[in-house]
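The values are calculated or read from the model by the stated rules, or taken from the named source; none is laboratory data. Predicted model, so just to flag it, every value in this text is computed and none were measured. All Cβ positions, glycine included, derive from the backbone under ideal geometry; neighbour counts span all protein chains shown. Ligands, DNA and RNA are stripped out before the accessible areas are found, and what is left, the full protein with its side chains, is counted by its heavy atoms. Shrake-Rupley method; radii C 1.70, N 1.55, O 1.52, S 1.80 Å.
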Amino acid sequence: MRQFWITFKQFVLYLLLSQGIMTVGALVTAIRGGVNGVEKDAMMEYMFSSKITLWSMVLGYAVTIAVFLGMHYVKIKTGRIERDRLWKTIGVAALIALGWMFVEVGILQLVDADKLFADEVEELEKFGKIMTGPLGAIAVGILAPISEEIGFRGVLLGGLLRMRCGAWPAIVISALVFAFFHGTHIQLLGTTVFGIIAGWLYWRTRSLIPSMIVHMVNNSTACILETAAPDYEPGKIASVAFVVVFLPILIYGLGWFKRYGYQSCIIFSKKIWLNG
């Protein structure tokens, strides 16, 4: 019960810091837009293009990271990763990110998800404009992944595991919370799978490094693509090619982490894991 309340309080603090600052920034931007006569239909786009919104995102993520690392609620450590394999581990994690990202894009295009969730796609396209500038790229591509891995894997998943929750139930629960946190139907399934992958990597390695790399490569690649080709939509042939080419890359990356055998590493004891 003690661990439950520790996890609960830390996760609530994470939400208050990461989302609270951004919410204040969004409210200030909305008020400013109203004063300047911005129409209701254009308000969302106005907010996403505002420097106030961008700086509040950067500040929210940066403060969250600083507090949680500074207070040692979460630690970024190598865990069960052998130091002489750290860079290879980072490289394989990057491959997993690219593998899943393009497989997901291919599948979404093949099932015509844009038509199923047309309104949400329009809102995501407006949000995508945030990622095209340097400040937005830093917020979305770097700070958001670090902050979210601290909150959803370090605090939530780590807390569930310390409560002796089974590994897979804990991974799935944290992934579902992560998915609903993003708040769109079109992203729900893909974000859940992404959360399961990130959670599994964290559980295998007892380190946030692989999941942070996966998250940063995923988001940074999205920022690059949004900047370089904002209007590009892959056709059916390209979508099939994405799945055919990148699914083996994803499988290879996950298989590498499974074959590596982090679970049997004798230098990392159960006692150290439980004490965080």
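A few points about this structure:
- A 1.4 Å probe run over the protein chains yields, for the range 165-205, 39 Å² of accessible area per residue, whole-number rounding.
- Heavy-atom accessible area with a 1.4 Å probe sorts 43, 57, largest first, into 43, 57.
- Cα gyration tensor, the range 47-121 - rounded (a/c under 1.5), prolate or oblate: oblate
- Label-point gap, in nm, between residue 119 and residue 165 - each point 7 angstrom along Cα→Cβ: 3.1 nm
- Note on exposure: 182, 72 ranked by accessible area (1.4 Å probe, complete protein assembly) read 72, 182, with the most exposed listed first.
- Dipole magnitude of the chain about its Cα centre (Cβ charges: Lys, Arg +1; Asp, Glu -1), debye to nearest 20: 1920 debye
- Of the accessible area of the range 201-257, computed with a 1.4 Å probe over protein heavy atoms only, carbon and sulfur atoms account for 75 percent.
- Heavy-atom accessible surface of residue 114, to the nearest 10 Å², is about 50 Å², with a 1.4 Å probe and all protein chains retained.
- Total charge dipole magnitude, the range 35-115, about the Cα centre, Cβ charges on Lys, Arg, Asp, Glu only, Debye to nearest 20: 660 debye
- Relative contact order for the range 109-266: 30 percent, from Cα pairs under 8 Å spaced at least 6 residues apart, divided by residue count.
- The range 49-94, accessible surface, carbon-and-sulfur percent (1.4 angstrom probe): 63 percent
- With semi-axes defined as the square roots of five times the eigenvalues of the C-alpha gyration tensor, the equivalent ellipsoid of the range 21-72 measures 28, 8, 7 Å, largest first.
- Label-to-label distance, residue 110 versus residue 9, with points set 7 angstrom from Cα along the beta-carbon direction: 4.9 nm.
- Across q = 0.10, 0.11, 0.16, 0.17 Å⁻¹, the chain modelled as identical point scatterers on its alpha-carbon atoms has Debye log10 I(q)/I(0) values of -0.55, -0.66, -1.34, -1.46, in the order of the q list.
- Cα gyration tensor, the range 1-100 - rounded (a/c under 1.5), prolate or oblate: oblate
- Over the chain, relative contact order from alpha-carbon pairs under 8 Å, at least 6 apart, %: 29 percent
- Compared with the rule-of-thumb size 2.2 N^0.38 Å for a compact globular protein, the range 146-191 has a Cα radius of gyration ratio of 1.15.
- If the segment from residue 35 to residue 86 were pulled out straight at 0.36 nm per residue, it would be longer than the present Cα-Cα gap by 13.1 nm.
- Residue-normalised accessible area of the range 5-145, given per residue in Å² at a 1.4 Å probe: 55 Å²
- Computed FRET value (nearest 0.05) for residue 181 with residue 229, which takes r as the C-beta separation and R₀ as 25 Å: 0.35
- Mean shadow area of the range 88-128 over all directions, Cα convex hull, nm²: 3.4 nm²
- Accessible solvent surface per residue of the range 210-249, calculated while the other protein chains remain in place, 1.4 angstrom probe, Å²: 53 Å²
- Between the residues 222, 12, 97, the greatest Cα displacement towards the positive end of the dipole of the chain, with unit charges on the Cβ of Lys, Arg, Asp and Glu, is found for 12.
- Mean separation of Cα pairs under 8 Å and 6 or more residues apart, divided by the residue count, gives the range 1-77 a relative contact order of 38 percent.
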